[in-house]
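Accompanying notes for the structure given below.
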Amino acid sequence: MPWHQGVSDTLFEIECEGHRHTVVWSAGELLLPDHPNISAEKVLVALGGPKPRCLDILDLWNFALSDAGFIEEWAPWYKADHQRRWWLNTALERLRSEGVQDFLYDLPRDKAVKMGEVVTTLPHEFLDRAMAAVVDAADKRGWDFAPSMHRHLIEATKLRARRSLVQALANQRPSVPNPALIPFTCIVELLDVPSVSGRLSGRDSHVEISLHPRWLSRVWARGVSVHVGRFTVDLTEHNGVTTLHQIEWSEDNGELRPSLVNCHV
């Protein structure tokens, strides 16, 4: 099934043509319900008419999917940081007016301006979904990202995997005290078989997980990185059956050891 099946819709409102219009993400598509005939409006714009703000948003979305440069800024932020977004607006204006590039260092200046518009205009939840679309498309192509983009996706995977692991360990029974303090190593590489090792045993606790970066779209973006209290390392589908490959902790000589189990959903 497509990565976005079952992912909840999200929306935000903007000022457009003197009214409050709604921009909706649903089932992998950006929708403009207040503009029922987008093709006709594009023709009018091409003939010199004013461009509705909603169409600007649609263009930003499509450019984000085709270029993916926004991921450099998105990767290290798990949720929207209002102070950071305020700073980005200031940095974007400085880039436009003075040519000083204080962010999106891996992009040429013109693309940094465009991607700056993306990250300051689209809500963080939309960037999450744009990332998943980009990663899913690249995975189908054979993972042809440039080294810099691959580096940012590794960073994003490690951050979100750690958050998910801490959440899963908080549900562990018997309970694990202070799961956020457990040493955690996440190895992100282009291997098809994820793995887990380590133990939960007081001061000797440690966890090491190997993930493919497509985990971001295949697992995390679908909202199943933690399912029924267990961390999900991968998701596969066969003959219409979706299987989550998850970490289960079992007691062994007074400590907890990890193993991979399957959960059909």
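The values are calculated or read from the model by the stated rules, or taken from the named source; none is laboratory data. Since we're looking at a predicted model, the values are computed, not measured. Glycine gets a Cβ as well: all are built from the backbone with ideal geometry, and neighbour counts include every protein chain shown.
Points to keep in mind about this one:
- Only one entry of Glu93, Glu125 meets the criterion of being surrounded by fewer than 18 Cβ atoms within 10 Å (Cβ to Cβ), in a helix (DSSP H, G or I) and within 17 Å of the chain's Cα centre (by Cα), and that entry is Glu125.
- Only one entry in Val134, Val118 is closer than 14 Å to Leu65 by Cβ, touching a residue at least 40 places away in the same chain (Cβ under 8 Å) and out of contact with any Phe, Trp or Tyr (no Cβ under 7 Å at 6 or more places or on another chain), namely Val134.
- Hits in the range 231-255 (condition: surrounded by 14 or more Cβ atoms within 10 Å (Cβ to Cβ) and either closer than 23 Å to Pro2 by Cβ or within 20 Å of the chain's Cα centre (by Cα) (or both)): Phe231, Thr232, Val233, Asp234, Leu235, Thr242, Thr243, Leu244, His245, Gln246
- When Gln83 is tested against (1) touching a Gly at 6+ places or on another chain (Cβ under 6 Å); (2) surrounded by fewer than 18 Cβ atoms within 10 Å (Cβ to Cβ), exactly one condition is not met: (1).
- Restricting the range 25-50 to residues that are hydrophobic (A, V, I, L, M, F, W, C) and either more than 25 Å from the chain's Cα centre (by Cα) or not assigned by TED's automatic domain parsing to the domain that holds Ala133 (or both), the residue that is nearest to Ser8 (Cα to Cα): Ile38
- Positions within the range 171-193 being more than 23 Å from Glu255 (Cα to Cα) and surrounded by 13 or more Cβ atoms within 10 Å (Cβ to Cβ), in sequence order: Ile187, Val188
- Against the test of being assigned to a loop (DSSP other than H, G, I, E, B) and either within 30 Å of Asp144 (Cβ to Cβ) or among the aliphatic types (A, V, I, L, M) (or both), the options Val207, Val166, Val219, Val193 yield a single qualifying residue, Val193.
- Filtered residues of the range 229-244 (kept if closer than 19 Å to Ala170 by Cα and modelled with pLDDT of 95 or more): Arg230, Phe231, Thr232, Val233
- Enumerated helices (runs of 4 or more DSSP H) restricted to the range 15-83, each holding at least 2 residues that are without any contact (Cβ under 8 Å) to a residue 12 or more places away in the chain: 38-46, 53-67
- For the residues Ala168, Ala112, the requirement of being closer than 30 Å to Ser8 by Cβ and either surrounded by fewer than 17 Cβ atoms within 10 Å (Cβ to Cβ) or aliphatic (A, V, I, L, M) (or both) singles out Ala168.
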